[in-house]
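The values are calculated or read from the model by the stated rules, or taken from the named source; none is laboratory data. All figures in this text were calculated on a predicted structure; none of them were measured in a lab. Note: ideal-geometry Cβ built from the backbone for every residue, glycine included; neighbour counts use all protein chains shown. These area figures cover heavy atoms from the full protein model, side chains too; ligands, DNA and RNA do not enter into them. Shrake-Rupley method; radii C 1.70, N 1.55, O 1.52, S 1.80 Å.
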Amino acid sequence: MRLTTLMSMAARVVVPKDYRFGTNRPWTPAAKRLNPPGKKRRKVFVEPLAPEDWSVLRGDTVEILAGKDKGKQGKVIQVFRHRNWVILEGLNTHHRYVGKTGDYRGTYIASEAPLLLRDIAIVDPSDRKPTEVEWKFTEEGERVRVSLRTGRIIPKPVVERRDGIVPQQWKDGPKDTSPEDTLEKTYVPTLKTLEEEVMEKLGIQENRRHQRSYWY
């Protein structure tokens, strides 16, 4: 699906006042099953949080402060900033059946449920304990996260792309295009057509001209 199509679908989505948001996009079948027509659910309020104050990033190691998995540490694999949610890999899971039919009970799977931002804390890599963090600027002007308990800088996590490549650790191979070749200017734009450029390159002289035509 093209990005423009996806954005146009998101712009047209209108949800009722009692709509319960989930981890699925509102126009998907999974979201429609959770919010059938006529079903009213308790409204869930979200504490507003400015984008510059958000301190948990995908790939961070955090510790759960409340719930059935309290005290466990895990890796953040998904972030929902508009709902103040994070999903941890293999934690806060619930089990369900998928693909259920008339004569088949379905496949029993475990899926991670989202956690509120206030129910987790970033783990300080210096002592592997949870801590509160705040954003500060270094002498070089770089914005970093600093632990309030130890005063150490918590580095941003290194995240792999979908193809498994880590951009910060990538090394060019023999078949990769070098930056010098990429920035080299090899084409000079002109007002000539492709045929005229080819003829000029091959040294072909053409004296014929198109006959003038008039619209009236």
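Would you list which lysines come within 30 Å of residue 72, measuring only between C-alpha atoms, while excluding same-chain residues fewer than 8 positions from it?
Straight-line reach from residue 72, under 30 Å: 43, 129, 136, 156.
List the chymotrypsin sites (Phe, Trp or Tyr not before Pro) in segment 12-69 that DSSP assigns to loop (not H, G, I, E or B) and whose Cβ has at most 13 other Cβ atoms within 10 Å. Which are they?
Here the sparse-neighbourhood loop sites are 27, 45, 54.
Please give me, ordered by residue number, the trypsin sites (Lys or Arg not before Pro) of segment 44-114 that lie in loop per DSSP and have at most 11 other Cβ atoms within 10 Å.
Those that pass, being in a loop and sparsely packed, are 68, 70, 100, 105.
Could you check the simple spin-label distance between residue 170 and residue 198, using points 7 Å along Cα→Cβ, in nm with one decimal?
3.5 nm
Between the DSSP loop rule and a limit of at most 11 other Cβ atoms within 10 Å, which chymotrypsin sites (Phe, Trp or Tyr not before Pro) in segment 122-208 are left?
170, 187
Pop out the ³J(HN,Hα) list for segment 144-152 in order, Karplus 6.51 cos²θ - 1.76 cosθ + 1.60 with θ = phi - 60°, rounded to Hz; leave Gly and Pro as x.
Working through the residues one at a time gives 10, 9, 10, 6, 6, 8, 10, x, 8 Hz.
Leaving ligands, DNA and RNA out of it, rank 191, 57 by accessible area with a 1.4 Å probe, largest first.
191, 57
Show that you can apply the helix-only estimate: for the chain, add -39,500 (n - 2.57) for every DSSP H stretch of four or more residues, divide by all residues, and state [θ] at 222 nm to the nearest 500.
Computed mean residue ellipticity for the chain: -3500 deg cm²/dmol.
Take the Cα atoms of segment 113-216, find their three principal axes, and give me the spread along each one in whole Å, biggest first.
Principal extents (Cα only, largest first): 82, 46, 35 Å.
How long is the gain from residue 211 to residue 15 if the chain were fully straight, where each residue apart is worth 0.36 nm and the alpha carbon distance is subtracted?
Using 0.36 nm per residue and subtracting the Cα-Cα distance, I get 64.4 nm.
Quote the FRET efficiency, to the nearest 0.05, computed for residue 111 versus residue 40 with a Förster distance R0 of 22 Å and r equal to the Cβ-Cβ distance.
0.30
Give me the accessible area of residue 153, 1.4 Å probe, in Å² rounded to the nearest 10.
90 Å²
Give the distance, in whole Å, between the Cα centre of segment 8-80 and the Cα centre of segment 133-154.
28 Å
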